[in-house]
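Values in this text are rule-based calculations from the coordinates and carry no lab data. All figures in this text were calculated on a predicted structure; none of them were measured in a lab. As a convention, Cβ positions derive from the backbone with ideal geometry for all residues, glycine included, and neighbour counts pool all protein chains shown.
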Amino acid sequence: MEESNNFLKQIEKYVCENNVDDAVALIKNHRNEISNILADVVPFLLTKTDIRCSEQILIAFAEECDPEEVLLQLIEDIDRCTEDAKFLVMCQALLRALLRLPEKRLNSLGWGLNAVHSYLLKINLPDNVELNEDEEILMDADTVVERISFLCASLLPFYSALVDNCKNDGGERKIVVLKFVLQVLGKPLAFLDLKSGKTTSKARRISERIVEMIFELNADIFAISDLGSGCDIGCVDALALSTLFYLVLSEKVEVRKVPKVYDNVYVFQESVALAAELFKYESQFVQHNGLCLIEVIIDRIRTNSLSYLLLDSEHHNHFCKALTRIIVYSHLEVYRKKGLDLYRRYLFLFEPKGRYLIVYNLMGILNHTGIIGYTVTQYKDMMMHELDKSDLSPYFTKSNLFRVLDRFCLLPNQEESDLIELADQIVAALNLLRYLIIRDKANVTGIWDYLKKLENTYLVPMKTALTLSRAHYELKIKDLKDESGEGDKGDSKVSVTVAGHTLNELPTNEKIKFLYSALTTFDVIENLLCRINELIEM
Amino acid sequence: MTSSVDISPKGDGGVLKEVIVDGSGDQPPKGCKVQVHYTGTLLDGTQFDSSRDRKTPFEFDLGKGSVIKAWDIGVATMKKGERAILTCAPEYAYGEKGSPPSIPPDSTLKFDVEIIGWKGEDLSPKKDGGIERFIIEAGQGYATPNDGAYVGVHLEGTYNGNTFENREVFFCLGEGSEEKVIDGVEIALEKFKMGEKSKLVIKPQYAFGAEGSKEYNIPPDATLEYIVTLNTFEKMKESWSMDADEKVEQAKLYKEKGTKYFKSGKFGLATKMYKKVLSYVENKPECSDEGKNLLLTSNLNLALCYIKLDDHFEAVNSATAAINIDPKSEKAFFRRGLALLALGEPEKATKDFAEVLNLEPNNTAAKTQQLICTKKLKEQLQREKKIYANMFDKFAKTDTQKEEDEKKKQPDVMSSLGEWGKEDRHREPSEFEKENPNILMLNGSGEFKDM
């Protein structure tokens, strides 16, 4: 005990004098006692202002004494650490300890790497500022982005040393290292701008280097997702894996090394899940990566070629939900447009049965009239393709057609439904009906057998709903006009609720304008409705 | 190119194979993990990929569609150690789209493939080789049953060439022990696709272990062979691949499951299952007879479950739903009768039992219930008599009581004087009050106005 105390004091003295050589010599001479003082000396070293001296002494510890003991101590200190400089110093020592671990000690290796990853996970993410394309370059000047880039760049030699150390081993050690190197592509690096354009961000250069390392360990990126099952140390991070797929398949980083025997359909099925993962995040850069990943995959698939059996995977459900969310709610117009284009192309990749099943099921999960209307219109286009063929798919006729129409032609509250809230869906559905009635005079789809039912549940209630809604809106307009006629130009007392949103903030004339546009919508609907009724009577 | 053989199943010359070095032994079975070395070139000789350059053999699951079709077809015909050139037409490779950037559209590809070896697919969780699978007939689609899913399988277990069990069985994955299904089969089933038939080789730790099985005459530490066919299973709700017919199939599963729960007295769970049946089958005119039948039995069983759960109100609803499907269902009327009786509506109940007897005059249970109904009705009548017997006395009493109460409620004019008197009610505001609408002057200068 006494001896340990002296040893500790001696080290502290050398550190204060910045005397590295003597300190290292002392450590070498007292190997056996180091373990007694580790818990005290590591935190002490980190309090020093001249971190270089501490770094060398820490490395000496990691190189001289039992690697597992140093490892456990460092894990504890990294866990507590909040300063990047100190963290990086400890990583230096950690690396030495990890490289000295006996090969079989995979758990220790996992713990050490996990400590580093946990530190990265704690970093704040950059704000999602929703920049337009030409503004994205500004992100490199953001302090948070700068910090993440700096940390990841500083860790590259750390991971690279580990990769070099294990790339020629077989077995689990390589797998463990691979999983942790992959994690670097996840949070927080994945939230930075990784694409290469006119300028290349720092983050992009770092991620390229990480992909290179991953490929040194395993160039078969499709085998990586399966690694989880073989060995339970570390995990395959879904965000990181998705980002890897984006970099390789869309940005073509190292793509030449990927085995070129995988079937395009298989690649599609795998990527749908990964893209859905990327869509989950609000960050514009992560969403961008998802859109680009699925785009490059869709490019590889022929339209009208995918089997409905692919829909066995729940990921299609998640994918559609996530993609339509971007289409409806993204603040960036480019994303909305790109999403919409990909959505249409995705739907058309499937064979008729798949198309029918997707559209049918989509109606159960979509809840925005705009995207529902768009989907109905896509169905109409699919119908057009079908009717041009000599043999019509049974999935676009009779009971299967009726099942889809039941879901399209729906007034949830009968006559009292809010037509404005449903406008896009109604217009699209009426358009589809009109098309079918005109196009299918021979009744090959069976549509004429369905019209009777439709009249009772849809067309007649719609007529009444139109009368009701129109009266309601006209009254509102009158009220507003009366009010403004009284000279009260300020806040109006009549509140207008459309689709659940109160339009209180609008000035009166804007409200009136809005109400008039609603009346126009009713005109459109009524026009279509009349046309359909005419056609039916003919 | 003299020895090129067309090995495409359609015989369209899409996959040509030319053996360079002969192999020996068997061909790899479907589903196993094959290890190969390969070099791929375009017809102009450009090499686009090579595992030999990477110095790592390439591994893939044979026959699962993960690699281009030509490979799944070609590699399945090769033996261990064999080296061959596979010439793959675009339809069997990357087709009109190609695989950018290395493979242009509509490319015919040449692969120089060598089979290094393969492992039977190991399905054991610890990867200890305890459960090996050899696919006999590949299943359909991509979905596999997840934990807890209800499955219908055919099992054929053999030990030393003797078949010790051969049966159809339904159970929930994870609860197989109740049906005496060994762990190995259960674990393996999670990787089965719809309709798949496979041979499983199961080590004792996943079978009958160190104890063996007396029932099947299996000694301790025996490795068993099973041929398992997954006939049907319950898919996840998120799956979109089901059309109307398949939904009926799914509904049948839930019905089975419900019946099983019902028999073991778990009425709550049974109710859930029957409700799922109803959610899968749409009650429509175009609905198939099979679907209607399912709807009918589920509603009938639901009614019975609710009766057992003492939720007679729901029971009436379910029975009514059943009657709407089949207006001649004895059971439906009988069950609705029971529920109504329990709800204290013997009058309505007796009509239902009468209907049962109308449909089947020899239904003794209905006759008994009819008697109970009559008795109940009599009792009710008695009770009502009792209640109404002193009706007028009672009414008189309550009336006097009411009068008393009313009297008490009348305002005491004397004590309320001054509070909100007539003049307090409303008055024109004074000038001061008009300017300061928040201030109300008490008995101020303003004139009071009557209401």
Cα to Cα, under 18 Å, and not fewer than 8 places away if on the same chain: which lysines meet these conditions relative to A:LYS202? A:LYS187, A:LYS252
Pick out, from A:ILE477, A:PRO461, A:MET384, the residue whose Cα sits farthest towards the positive end of the charge dipole of chain A, with +1 on the Cβ of Lys and Arg and -1 on the Cβ of Asp and Glu. A:MET384
In a solvent-free Debye calculation with one equal scatterer on each Cα, what is log10 I(q)/I(0) for the range A:47-156 at q = 0.14 Å⁻¹, listed in the order of the q values? -0.62
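Counting only other chains, what is the mean number of Cβ atoms within 10 angstrom of the Cβ of each residue in peptide A:357-365? All intermediate terms of the calculation are to be shown ahead of the outcome.
Values: counts 6, 2, 0, 4, 5, 1, 0, 1, 2.
Mean shielding count: 2.
Could you work out the Kirkwood radius for the range A:79-139, taking every pair of different alpha carbons, averaging 1/r and inverting it, reported in Å?
Working: mean 1/r = 0.0706 Å⁻¹.
14.2 Å is the Kirkwood radius here.
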Can you give the three extents of the C-alpha atoms in the range A:358-411 along their principal axes, from longest to shortest, in whole Å? 35, 19, 18
Round to the nearest 10 and give me the degree value, 0 to 90, for the angle of helix B:312-325's Cα axis relative to the longest principal axis of chain B. 60
Considering every residue in B:92-98, what mean count of other chain Cβ atoms within 10 Å of its Cβ is obtained? 4
Report, to the nearest 10°, how far helix A:2-16 tilts away from the longest principal axis of the Cα atoms in chain A, using its own Cα long axis and a range of 0 to 90°. 70
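Using every Cα-Cα pair within the range A:330-419, state what percent have a distance larger than 16 Å.
Details: 2319 of 4005 pairs.
That tail contains 58 percent of the Cα-Cα pairs.
Can you pull the Rg over Rh of the range A:353-490, Cα-only, Kirkwood?
Numbers: Rg = 18.5 Å, Rh = 16.6 Å.
Result: Rg/Rh = 1.12.
Among the listed pairs A:LYS280/A:LYS380; B:LYS351/B:LYS378; A:LYS389/A:LYS452; A:LYS179/A:LYS280; A:LYS453/B:LYS276, which are separated by more than 18 Å between their Cα atoms? Walk me through the numbers on the way to the answer.
Details: A:LYS280/A:LYS380 30 Å; B:LYS351/B:LYS378 16 Å; A:LYS389/A:LYS452 27 Å; A:LYS179/A:LYS280 22 Å; A:LYS453/B:LYS276 27 Å.
In this structure, A:LYS280/A:LYS380; A:LYS389/A:LYS452; A:LYS179/A:LYS280; A:LYS453/B:LYS276 lie more than 18 Å apart at Cα.
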Calculated over the range B:217-341: convex hull of Cα atoms, volume per residue (Å³): 169
At 0.692 mPa s and 37 °C, Stokes D of the range A:129-243 from Kirkwood alpha-carbon radius, µm² per second: 220
Straight-line reach check, B:LYS275, cutoff 16 Å on alpha carbons, 8 or more apart in-chain or any other chain, hits among aspartates and glutamates -> B:GLU234, B:GLU249, B:GLU256, B:ASP311, B:GLU314
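Counting other Cβ atoms within 10 Å of each Cβ, which trypsin sites (Lys or Arg not before Pro) in the range A:75-131 have at most 13 and sit in a DSSP loop? Walk me through the numbers before you get to the answer.
Numbers: sites: A:ARG80, A:LYS86, A:ARG96, A:ARG100, A:LYS104, A:ARG105, A:LYS122; in loops: A:LYS104, A:ARG105.
Counting only loop positions with at most 13 other Cβ atoms within 10 Å, the trypsin sites (Lys or Arg not before Pro) in the range A:75-131 are A:LYS104.
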Using only the Cα atoms, work out Rg/Rh for chain A, with Rh taken as the Kirkwood radius, to two decimals. 1.14
Want the number for B:ARG52 to B:LYS402: 0.36 nm per residue separation, take away the alpha-carbon distance, what's left? 115.6 nm
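With the alpha-carbon atoms as the only input, what is the per residue convex hull volume for the range A:172-307 in Å³? Walk me through the intermediate numbers first.
On the way: hull volume 15.8 nm³, N = 136.
Expressed per residue, the convex hull around the Cα atoms of the range A:172-307 is 116 Å³.
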Work the Kirkwood hydrodynamic radius out for the protein assembly as shown: mean of 1/r over every pair of different alpha-carbon atoms, inverted, in Å. 35.8
Give the span of the range B:276-382's Cα atoms along each principal axis, as three whole-Å numbers ordered largest to smallest. 50, 28, 18
Angle check, please: helix B:330-342 long axis (alpha carbons) against the longest principal axis of chain B (alpha carbons), in degrees 0 to 90, nearest 10. 40
Percentage of interatomic Cα-Cα distances in chain B larger than 39 Å: 56
Please report Rg (one decimal) and Dmax (integer) in Å for the Cα set of the range A:10-74. 10.5, 29
Overall dimensions of the range B:60-188 by Cα: Rg and Dmax, Å: 19.8, 56
Separation between Cα centres of the range B:293-310 and the range A:348-404, rounded to whole Å: 36
Average partner chain C-beta neighbours within 10 Å, per residue of A:312-322? 4
Hey, any idea what the orientation-averaged projected area of the convex hull of the range B:30-86's Cα atoms comes to, in nm²? 4.1
Kirkwood Rh and Cα-based Rg: tell me the resulting Rg over Rh for the range B:181-222, rounded to two decimals. 1.05
With x for Gly and Pro, the residue-by-residue ³J(HN,Hα) of the range A:310-324, computed from phi through the Karplus equation 6.51 cos²θ - 1.76 cosθ + 1.60 at θ = phi - 60° and given in whole Hz, is 4, 6, 3, 6, 5, 5, 5, 4, 4, 4, 5, 4, 5, 5, 5
Sorted by packing (mean other beta-carbon atoms within 10 Å per residue), highest first, where do A:278-289, B:57-68, B:389-400, B:204-215 land? A:278-289, B:57-68, B:204-215, B:389-400
